[in-house]
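Read the structure below first, then the notes.
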Amino acid sequence: MSDRNDRLSVLKTYKLFVGGKFPRSESGRVYEVTTAKGQWLANAPLASRKDARDAVVAARKAFGGWSGATAYNRGQILYRIAEMLEGRRDQFVAEVADGEGLSKAKATAQVDAAIDRWVWYAGWSDKTAQIAGSANPVAGPYFNLSFPEPTGVVTLLAPQDSSFLGLVSVIAPAIVTGNTAVVVANEKSPLPALSLAEVLATSDLPGGVVNILSGRTAEIAAPLAAHQDVNAIDLAGADAELAVELEKASAENLKRVLRPQPVDWAADPGTGRLLAFLETKTVWHPMGA
């Protein structure tokens, strides 16, 4: 047998994640991902407008089943994802450390916080209605009840300053309430997002609930903001100039827009993003005698 020191490493081929599958970009393009010091890490797919449209189709197809699942079931699935993230903790630590130029200790803290946050949001699955719903007093013989429903297909621009903790902080609250998502990964450090896709694919999450695209944020976000079948967009990963352009495009079909703002991703997230992509449905029901 040959000396094991002579073997060639099997380099990983990162791919997009659309509809529960791992296609290459239809354009065939890739771009180099480097460390904070400029050393080559991998080639990531450079998603195109066609990839973005395919992701929206997959998200819309998955919306009925995911939004119709019980809140308890969605919480179980999210918790299962957290279990699998824990099992691949070392991989995410390495990718965060390399991509963001962090020490191993700081990268570990980021990854641990991200996994804990995923668990935290999983726990909200069957509790959101308690803070977003109400029984309303009315002057008549009726029950008047308001309760939250998911908005629909949501585009999420991953934060550019936090490749994993920030990513989790925008995905988890959007999907736990029943939305489906098209995620545009951190442009410079997409590897944690693309590895997260591998976790999602082997969990119980139905295909199409989360779709992950890597590439140039502005190039991918523009067709998503203008897409007539996207119901909302989170501009966390857009700079001020791009955010204005995307907000204008989003107005065409009255998308719900979450504007970018300074965020400390390590701080208590609160319930803002949990409630950002919910609609309120109110029902009137006559009382019995």
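Compute a Gaussian network model of the chain, connecting alpha carbons closer than 10 Å, and tell me which residue from G19, G270, G123 fluctuates the most.
G270
Could you identify which residue out of L157, L196, L254 has the top mean-square fluctuation in a GNM of the chain using Cα springs shorter than 10 Å?
Most flexible of the set in this elastic network: L254.
Per residue, how much accessible area does the range 43-285 show when a 1.4 Å probe rolls over the protein heavy atoms, in square angstrom?
Values: 10170 Å² over 243 residues.
Roughly 42 Å² per residue, with all protein chains present.
Computed over the Cα atoms of the range 43-285, what is the ratio Rg over Rh, Rh following Kirkwood?
Values: Rg = 17.8 Å, Rh = 18.2 Å.
Using only Cα positions, Rg/Rh for the range 43-285 is 0.98.
Using the Cβ atoms and a cut-off under 15 Å, what net charge is assigned to the surroundings of I77, where Lys and Arg are +1 and Asp and Glu are -1?
Working: positive: R74, R80; negative: E83, D126, D204.
So the surrounding residues net to -1.
Using only Cα atoms, locate the centre of the range 57-134 and the centre of the range 230-289, then give the distance between them in Å, rounded to an integer.
Spelled out, the Cα-based centre of one part sits 19 Å from the other.
Show that you can apply the helix-only estimate: for the chain, add -39,500 (n - 2.57) for every DSSP H stretch of four or more residues, divide by all residues, and state [θ] at 222 nm to the nearest 500.
Numbers: 10 runs with 123 residues, N = 289.
It comes out at -13500 deg cm²/dmol, rounded to the nearest 500.
Once you treat every alpha carbon in the range 4-67 as an equal point and sum by Debye, what is log10 I(q)/I(0) at q = 0.19, 0.21, 0.24, 0.25 Å⁻¹?
-0.82, -0.90, -1.01, -1.04
Taking a 22 Å limit on the Cα-Cα distance, which of the listed pairs K21/K106; K12/K50; K37/K188; K12/K61; K255/K281 fall beyond it? Could you put the intermediate results ahead of the total?
Values: K21/K106 32 Å; K12/K50 24 Å; K37/K188 12 Å; K12/K61 30 Å; K255/K281 18 Å.
Violating the 22 Å Cα-Cα cut-off are K21/K106; K12/K50; K12/K61.
Quick one: accessible surface of V57, probe radius 1.4 Å, all protein chains present, in square angstrom to the nearest 10.
Ignoring ligands and nucleic acids, V57 comes out at about 100 Å².
By the scheme Lys and Arg +1, Asp and Glu -1, what is the net charge of all other residues having a beta-carbon under 10 Å from that of W265?
Working: positive: R117; negative: D161, D264.
That works out to -1.
With a 1.4 Å probe and every protein chain kept in, tell me what percent of the accessible surface of the range 43-285 is carbon plus sulfur.
Details: 5470 of 10170 Å².
Of the solvent-accessible surface of the range 43-285, carbon and sulfur hold 54 percent.
For a quick check: with amide H placed at 1.01 Å from N, whose amide H comes under 5 Å from V30's, ignoring anything fewer than 5 positions away on the same chain?
Answer set, sorted by chain and number: L46.
At 24 Å minimum axial length over the Cα atoms and a Kyte-Doolittle cut of -0.5, report the qualifying DSSP H helices in the chain, or say none. All intermediate terms of the calculation are to be shown ahead of the outcome.
Working: long enough: 49-68 (29 Å, -0.55); 71-87 (25 Å, -0.25); 104-123 (29 Å, -0.17).
Within the chain the helices that satisfy the rule are 71-87, 104-123.
Sketch the reach of a paramagnetic label on T280 as a point 7 Å from Cα along Cα-to-Cβ, and name the residues of the range 94-131 whose backbone nitrogen lies under 17 Å away.
128-131
For V244, V182, give me the order by solvent-accessible area with a 1.4 Å probe, most accessible first, ignoring ligands, DNA and RNA. Before the final figure, lay out each step's value.
On the way: V244 75, V182 0 Å².
Most to least solvent-accessible, the answer reads V244, V182.
Using a Gaussian network model on the chain with a 10 Å cutoff between Cα atoms, which of A158, A139, A71 fluctuates the most?
Checking each option, the largest mean-square fluctuation is seen for A139.
The values are calculated or read from the model by the stated rules, or taken from the named source; none is laboratory data. Values in this document were obtained by computation on a predicted structure and should not be read as measured data. A quick note on method: Cβ atoms are made from the backbone with ideal geometry, for glycine too, and the neighbour counts reach across all protein chains shown. All accessible areas refer to the heavy atoms of the entire protein, side chains included, with ligands and DNA or RNA removed. Shrake-Rupley method; radii C 1.70, N 1.55, O 1.52, S 1.80 Å.
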